1. Of the residues in the range A:362-390, how many are touching a helix residue (DSSP H, G or I) at 6+ places or on another chain (Cβ under 7 Å) and either part of a loop (DSSP other than H, G, I, E, B) or among the charged types (D, E, K, R) (or both)?
2. Restricting to helices (runs of 4 or more DSSP H) lying wholly in the range A:394-502: which have 2 or more residues that are surrounded by fewer than 24 Cβ atoms within 10 Å (Cβ to Cβ) and basic (Lys, Arg)?
3. Which numbered condition in (1) touching a Pro at 6+ places or on another chain (Cβ under 9 Å); (2) open to solvent by less than 50 Å² (accessible area, probe 1.4 Å); (3) over 25 Å from A:Leu490 (Cβ atoms) is the only one that A:Ser23 fails?
4. Taking into account only those residues within the range A:223-282 that are among the basic types (Lys, Arg) and either in a loop (DSSP other than H, G, I, E, B) or closer than 21 Å to A:Val76 by Cα (or both), which is nearest to the other protein chains (Cβ to nearest Cβ)?
5. Quick check: anything in the range A:93-105 of a type in the set (A, V, I, L, M, F, W, C), under 25 Å from A:Met330 (Cβ atoms) and part of a helix (DSSP H, G or I)?
6. Among residues belonging to the range A:40-80 that are basic (Lys, Arg) and outside any helix (DSSP H, G or I), point out the one that is surrounded by the most Cβ atoms within 10 Å (Cβ to Cβ).
7. Of the residues that make up the range A:417-431, is at least one at pLDDT 95 or above and within 19 Å of A:Leu290 (Cβ to Cβ)?
8. Give me the pairs, please: first residue somewhere in the range A:187-215 and away from every other protein chain (no Cβ under 14 Å) and surrounded by 24 or more Cβ atoms within 10 Å (Cβ to Cβ), second residue anywhere and in a loop (DSSP other than H, G, I, E, B) and acidic (Asp, Glu), beta-carbon distance under 7 Å, and either six or more positions apart or on two chains.
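The values are calculated or read from the model by the stated rules, or taken from the named source; none is laboratory data. A quick note: this is a predicted structure, and the numbers were derived from the prediction, not measured. Cβ placement follows ideal geometry from the backbone for every residue including glycine, while neighbour counts extend to all protein chains displayed. Quick note on the areas: whole protein, heavy atoms, side chains included, nothing else; ligands and nucleic acids left out. Shrake-Rupley method; radii C 1.70, N 1.55, O 1.52, S 1.80 Å.
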Amino acid sequence: MSGELTRRSAAELAELIASGQVSAVDVAQAHLDRIAAVDGEVRAFLHVDAETTLAQARAVDERRAAGERLGPLAGVPIAHKDVFTTADMPTTAGSRILQGWRPPYDATITARLRAAGLVIIGKTNMDEFAMGSSTENSAYGPTRNPWDTSRIPGGSSGGSSAAVAAYEAPLATGTDTGGSIRQPAAVTGIVGVKPTYGGSSRYGLIAFASSLDTPGPFARNVLDAALLHEAFSGHDPMDSTSIDRPVPPVVEAARRGDVAGLRVGVVRELGGEGYQPGVLARFNDSVELLESLGAKVVEVSCPHFGYALPAYYLIAPSECSSNLARFDAMRYGLRVGDDGTRSAEEVMALTRAEGFGPEVKRRIMLGTYALSSGYYDAYYGKAQQVRTLITRDFDAAFEQVDVLVSPTTPTTAFPIGDRVDDPMAMYLADLATIPANLAGNAAISVPCGLSDDGLPVGLQIMAPTLADDRVYRVGAAVERALEDRWGGPLLAKAPELAEADR
Amino acid sequence: MSNERAAGGAAPGAASTGSAITRDEVAHLARLSRLALGEDELGHFAAQLDEIISAVARVQQVAAQDIPPTSHALPITNVFRPDEVRPSLAPEQALAEAPAAEEQRFRVPRILGEEA
């Protein structure tokens, strides 16, 4: 039973718990056992605390026993990205500068998970401060892709994607600044969603690029992702950029899952050169599938998308250079070289040099460069204009079609170590995901098959701002049709991980 | 952190022609960024930043003189709340993770120069 529980969907687990067929404690224990068995190999988690986990589960069981009506995800375990503050667990953002830090408060997303009765089973590994596409920039070592443990699980939310793909948790949180949910979901064969910017709260999310950072869900199927999306979204007075509007009906859309009569645009600029042939082949199959399901498919041009990547790698580093100035060795976190003679400024510079990894240093300096007087107009200013043009491209496209589609990533999961000292090669992993971050609209990645190398490929579906329900509707239709064809989810094709002796 | 000009000599226009970012410029950026980098790191970062800056300079190819800049995906307005007293962190909570604390305050290294 214990092994079987880890294969269930979040919706099924919640139903089993609500109907009393299993306890939340049993479900939590099954997942803790799975983590003990495979995480030595996968390394998805930075922190797992069995006692805290079981105490949360016990509380759900007690609420049920007291006759309380539980929410649709009560008792379900969730892996929580280590970028969200948790008052009862360390929060490091994958950085040495925050090693062992215990935040004095919960992020809004954390608080909403708790309110929904979700059981936070641990904190997941990530690229330091969410800067990266592979988790190799974590100060605590890389996470491995459950499909092939010599390969990357994507990033920056790679611990979360690997945990879900390895059946260590049915759900996980992530943050998507340039593709950090969709890209890891694509390369591990699961579902990942970037909601509309402002639809999910940033309060208590350790900031990387504030105009882009967007929390979102990971799951093994579209409905589970929608249930989690609904559980943690909605207006938050603690976040000044939070949208004060109702959450789009994502669960209803995921249940509906049809595309008949829907207009689908294939983005001409997101394909072709630089994309792996096996990725393009699966993408083309998906487009044919959408047509066979009754969608009207047309090709759409977004002429400025080719400038999204360079614009992003000016805007995001600029914002990060400002956001990360808070790590000054004075109030919390690491302090190095305070020998009684050095000045605060010297201690600050020594601490930041030792506490930050190479990618964070690169981006801080790149942002400082782009914001310097004399360079500002040529770099940051131009990038902001490109951002306007990309938003206009989306607006024009969404006048013709209801959703846009593309491959989520140019390639499947690459080997660990391949791009680690070649920043530009690493940045290319975000080629297709960045436009939606710059414009702020909703996007999903759903599994759409295996490439020639036997590794998973993701289909990206993009919808206008606040039309998040549309990406779930189309994603669920694709998922249902493909699972009918395959006789089960794509993840069932992944090789079994060896379970270590407990 | 101040946005002083990153490089002493180079004219802004030089950047658009893809001119190299020098080791000295990286040293200056590191100072502005409060990063005490070692000699070996400076050379390594100079080569990488040069490659990245040359690549992102492509944004300058877009003719966009009359295009307004976008700083944010959604229109933003100021958000206000009533000015009311609300609970806040207790001093011991706020100081719990401080590298050094003294008399309910954050203890920091000297903030003035030695000659001061």
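1. 7
2. Correct list: A:468-486.
3. Checking A:Ser23 against (1) touching a Pro at 6+ places or on another chain (Cβ under 9 Å); (2) open to solvent by less than 50 Å² (accessible area, probe 1.4 Å); (3) over 25 Å from A:Leu490 (Cβ atoms), the one that fails is (1).
4. Checking each candidate, the answer is A:Arg245.
5. Among the residues of the range A:93-105, at least one is of a type in the set (A, V, I, L, M, F, W, C), under 25 Å from A:Met330 (Cβ atoms) and part of a helix (DSSP H, G or I), which makes the answer yes.
6. The qualifying residue surrounded by the most Cβ atoms within 10 Å (Cβ to Cβ) is A:Arg43.
7. Scanning the range A:417-431, I find no residue that is at pLDDT 95 or above and within 19 Å of A:Leu290 (Cβ to Cβ), so the answer is no.
8. Matching pairs, first to second residue: A:Leu205/A:Asp213.
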